[in-house]
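Working notes for the structure below.
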Amino acid sequence: MLEIKNLHARIAESGTEIIRGLNLTVKAGEVAAIMGPNGSGKSTLSYILAGRDDYEVTEGDILYNGESILEMDPAERAAKGLFLAFQYPMEIPGVATMEFLKVAMNSQRKARGEEPLKVPEFIKRVKDAAGTLEMDFNMLKRPVNVGFSGGEKKRAEILQMKLLEPKLCVLDETDSGLDIDALKIVSDGVNALRSPDRAIIVITHYQRLLDHIVPDTVHVLYKGQVIKSGDKSLALELEENGYAGIIEEAA
């Protein structure tokens, strides 16, 4: 589903190279965890996948279902089924959450050649999805993320993901700021989306998230490259021994 080939990318404003020859393949149906020390390029990779224009790809390619996405803007990538859950979801004052969800869902449906949802069906879908995440429906009457706790913002993003039904989900440190109960609820929401035709990339520092969202593959990112890949046992090894040995081995 996703194939990243010899990717090089830099911060557009400063020219600082962050991604330096990254290769990664994620198959449909797979949950892939990306781990690595601070500054290794994990969040940068997620932003590049989503199409943020403050990063510039200087070499290589990103193929999504065999098609290069480098020339697509973020809206086109989203319409193709790519979803990014941010580490720090932003607040959008003045934009009602329900209106935001309705516009997003109907934009996706339009891109797929489907009819827009009628209001009763839309509300039913939102209520059902919010219930599985133990979200108070009244929260969704507020502006997007305004007045939400950290855990509520993460639940709201997983709610968006459930409703939009993307094919490639990228979760950038979605466990950041979550207490144990919220972590389990969010993880259960992610696990409910696992399917043979969907891939999920989980970017994280900690095994505690991977205890709940068990990955099929684990990739260690360091200085903008994948230096080691393995199964879920690799994450346990990192939890026990840290990155130093793997970094030394790759040097």
- Message: Here is a check on your reading of the model: is residue 163 part of a loop (DSSP other than H, G, I, E, B) and either touching a Lys or Arg at 6+ places or on another chain (Cβ under 8 Å) or without any contact (Cβ under 8 Å) to a residue 60 or more places away in the chain (or both)?
- Response: no
- Pairs with Cβ under 6 Å, 6+ apart, first in the stretch 176-201 and closer than 11 Å to residue 30 by Cα, second assigned to a strand (DSSP E or B): 199/26; 199/168; 200/31; 200/169; 201/32; 201/170
- Message: Pairs needed: first member in the stretch 216-239, more than 29 Å from residue 17 (Cβ to Cβ) and in contact (Cβ under 8 Å) with a residue 12 or more places away in the chain; second member anywhere, of a type in the set (S, T, N, Q) and in a helix (DSSP H, G or I); C-beta distance under 6 Å; at least 6 residues apart or different chains.
- Response: 239/207
- Item | Sole residue being touching a His at 6+ places or on another chain (Cβ under 7 Å), touching a residue at least 24 places away in the same chain (Cβ under 8 Å) and closer than 19 Å to residue 170 by Cβ, chosen from 81, 51, 60 | 60
- Task: Can you confirm whether the stretch 52-59 contains a residue that is surrounded by 14 or more Cβ atoms within 10 Å (Cβ to Cβ) and under 14 Å from the mean Cα position of the chain (by Cα)?
- Result: no
- The condition of being more than 20 Å from residue 37 (Cα to Cα), crowded, with 19+ Cβ neighbours inside 10 Å and among the basic types (Lys, Arg) holds, among 142, 155, 112, 194, only for 155
- Consider residue 131 carefully, then state whether it is part of a helix (DSSP H, G or I), of a type outside the set (Phe, Trp, Tyr) and loosely packed, with under 13 Cβ neighbours inside 10 Å. yes
- Task: Collect the residues in the stretch 166-191 that are of a type in the set (D, E, K, R) and surrounded by 15 or more Cβ atoms within 10 Å (Cβ to Cβ), keeping them in residue-number order.
- Result: 167, 172, 173, 175, 188
- Item | Residue check, residue 4 in a strand (DSSP E or B), closer than 26 Å to residue 238 by Cβ and either in contact with a His (Cβ under 8 Å, 6 or more places away or on another chain) or acidic (Asp, Glu) (or both) | no
- Any strands (runs of 3 or more DSSP E) falling wholly within the stretch 11-123 and containing at least 2 residues that are more than 25 Å from residue 221 (Cβ to Cβ): 92-96
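Quick note: the coordinates plus some simple rules give every number you see, no bench work behind them. What you see is a predicted model, and the numbers here were worked out from it, not measured in a lab. Please note: Cβ atoms are built from the backbone with ideal geometry, for glycine as well, and neighbour counts cover all protein chains shown.
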